[in-house]
Structures are given as structure tokens and as C-alpha cells.
Amino acid sequence: RSKFGKIEKESVTLADRMLFIEEYAMLHQKFSFRQMLESQPSKTMIIVSFLGILELMKVGKLKIVQENIFDDIYITYDNTVKYEGEIIPSSE
């Protein structure tokens, strides 16, 4: 038995994180990847947030720039891109 107490499964969905990321991006317009991740409470949230960023980038809602290796990654929101329906992550 674990001496750390009860371990609970964290419930987080990609769709919820994508909604959060898009709202965060609309509010901040341009921000660093690191800046956004500082507010994430767990490794699971960081991973799902990263996947959400990739999906939003794939549909063109986010633009990603890193000028030099090891520099911060900057994310810019593009409100001119419209997509219809729910984004369903591909398994490709």
C-alpha cells in the first residue's frame, strides 16, 4: 500500500484544453509557450495542453515561432481563421 495516500485520476479532455487555450490566446494575442505552461497544475495538463496547441496550430488558429534554438516558443492567435464544427484529433 502506498504511503502517499490516495492517488486520484485527473480528468482532463483535449476538447476542454483546446477551448481553454483558444480563450487564453484570444485574451493574450501573443504569448510564450513557457508563460502559458506556468499556470498548469500538473504534468497531465501540460501534455494535454501541448496536444491542444498542436491541434489548434494544425487548423491555423495558432501560429508558432521560435527564432533560435533554445529560445522561447511564441504563440500568436489568428482570429481570421474560421473552422466549423468540433475539432476531432486525428490518429495519424
Looking at the stretch 14-69 only, could you name the residues that are touching a helix residue (DSSP H, G or I) at 6+ places or on another chain (Cβ under 8 Å), acidic (Asp, Glu) and over 17 Å from Thr80 (Cβ atoms)? Glu55
Taking the conditions exactly as written (modelled with pLDDT under 90, out of contact with any Lys or Arg (no Cβ under 8 Å at 6 or more places or on another chain) and more than 25 Å from Gln66 (Cβ to Cβ)), does Glu38 satisfy them or not? no
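The values are calculated or read from the model by the stated rules, or taken from the named source; none is laboratory data. Everything numeric in this text was worked out from a predicted model, so none of it was measured. For neighbour counting, all protein chains shown are included, and Cβ atoms are generated from backbone atoms with ideal geometry for every residue, glycine included.
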